[in-house]
Structures are given as C-alpha cells and as structure tokens.
Amino acid sequence: MQPLKTKQLILISLFAAIIFILAFTPIGFIQLGIIKATIIHIPVIVGAILLGPKKGAFLGFLFGLTSLISNTFTPVILSFAFSPFIPIPGTDSGSLMALIICFIPRIMVGIVPFYVYRLLDKLFARRKHLITYVLAGIAGSFTNTLLVMNGIYFMFKDSYAAARNIPIDTVYSAVLTIIFANGIPEAVIAGIVTYGICRALMNSKQVRDMIS
C-alpha cells in the first residue's frame, strides 16, 4: 500500500508544480484589465478526475493560493474581491470575504469534476470517454466562473459598481457579460484540453498504476 501512496504523491506533486508554473508565467493568469482569465483550473480538473475529490480539493486550494498571490502583487480592477490586502474602492482596507471568493470556488473545482465524470462514466457504461472527459472539464470550469462571479455580486455588489463606475442596478448584467464572454471560452478550452490530457495519461500504464 505504501508504494501506491508514494506514486500518487509523485503525481499530485506534478500537478501542483504545473499549477505554480502556470500561475507565475504570463499564460496562467491572463490580464484583462477588469479581471484575470485563467487556465490554471485545468490541472485541478484533471487531477480531480484522476486522483479523486480529496486530492482535487488540495489542488484547488493551491489554485486559490496562486490567485491570492497574483491579485495581491499584480492587482487589476477587481483584485479587491480576491485579496484582503487590496483596499475596497472608496476605503483604505480590504475585506476578509475576499478569501471566500479566492478559495471556495477553486476548491470546488477540485471536487465537482470528479463526481460529474463518475456519474457520466456510469451513464455511458465507460464507452464514451470523449463525452465524460469533455463535460467534466466544462463542469469544472463553469464551477469556477459561476461561483466566483456570483460571489462577487453577492458580497461586493456596491464595490463592483464603484470600481467599474456603473449603476448598481446594472451590476448583474455586467457579471453576466463576463460569465458569457470569459466563462464560455474558458469552459470550451477546459473541456477539450481535459479530454486530451486525461486520455493521454490513461493510455500510460505507469500513470494507471499510480491512480489504480
């Protein structure tokens, strides 16, 4: 049993390294001026599918940690919603609620895809890996987008309106715009890449031995 745990530790360390490499290079967090788009959720999704929800949640926590660091040291307009060290517009201090948005959605990214994959895998009797991997990847990506953007709306609606200089009654319309403009492309990419990576890894006997 111990060798198996060691092999899985190697695999989760690999996913963790990929998360940090993506986070601290320009391709991990893509600066959009208002908010940061990301592809860091993809190794979290793949890790969740292959290693299970507990290890996936840990990878999601690392994703949240990199988001906290990125938004603290290279802030954009909405970074106050991801880092308590960035002052809320009109104040000289941040909010601890930012930690909820920064970590909870990202941890859920490491949980939801596993259960989506398992459900679809049973429904399609292991014959439709394209569908199961793609939809699990899409579900993980939308988990991040929907929880983050709705969290910003419910916790920082007034601050969001002030930061973007828009009326409060148009905030959710602005949130929906980001969900559709950023969330859909991110989800499509996540689904395609998740399928490619998972199929490649599952075709490797060495990797199958690590996760079996």
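Per-structure values
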{"quantity": "Kirkwood hydrodynamic radius (C-alpha pairs) into Stokes-Einstein, region 4-209, 37 °C and 0.692 mPa s, D in µm²/s", "calculated": "189"}
{"quantity": "Efficiency of FRET from Cβ geometry, Ile166 and Ser13, R₀ 45 Å, rounded to 0.05", "calculated": "0.55"}
{"quantity": "Charge sum, other residues only, whose C-beta stays under 14 Å from Ala139's C-beta, Lys/Arg counted +1 and Asp/Glu -1", "calculated": "-1"}
{"quantity": "Karplus (6.51, -1.76, 1.60) ³J(HN,Hα), θ = phi - 60°, over region 48-65, in Hz, Gly and Pro reported as x", "calculated": "5, 5, 7, 10, x, x, 5, 6, x, 4, 5, 5, x, 4, 5, 4, x, 5"}
{"quantity": "Distance between modelled label sites at Phe61 and Ile192, nm, 7 Å Cα→Cβ extension", "calculated": "3.4"}
{"quantity": "Of all accessible heavy-atom area on the chain, the percent that carbon and sulfur account for (1.4 Å)", "calculated": "70"}
{"quantity": "Probe 1.4 Å, accessible area per residue of the chain, Å²", "calculated": "49"}
{"quantity": "Region 112-212, relative contact order in percent, only Cα pairs under 8 angstrom and at least six apart counted", "calculated": "33"}
{"quantity": "Accessible surface, 1.4 Å probe, highest first, among residues Asp158, Asp121", "calculated": "Asp158, Asp121"}
{"quantity": "Over 18 Å between alpha carbons, listed pairs Lys5/Lys55; Lys54/Lys122; Lys7/Lys122", "calculated": "Lys54/Lys122; Lys7/Lys122"}
{"quantity": "Region 103-212: trypsin sites (Lys or Arg not before Pro) in DSSP loop, at most 16 other beta carbons within 10 Å", "calculated": "Arg126, Arg127, Lys128"}
{"quantity": "For Thr38, distant residues with modelled amide H under 5 Å away", "calculated": "Ile30"}
{"quantity": "The chain, dipole about Cα centre (Lys/Arg Cβ +1, Asp/Glu Cβ -1), debye to the nearest 20", "calculated": "1060"}
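The values are calculated or read from the model by the stated rules, or taken from the named source; none is laboratory data. Note that the structure is predicted; figures quoted are calculated from it, not measured. Reconstructed Cβ throughout: ideal geometry from the backbone, glycine too, with neighbour counts over all protein chains shown. With ligands, DNA and RNA removed, areas are computed over all heavy atoms of the protein, side chains included. Shrake-Rupley method; radii C 1.70, N 1.55, O 1.52, S 1.80 Å.
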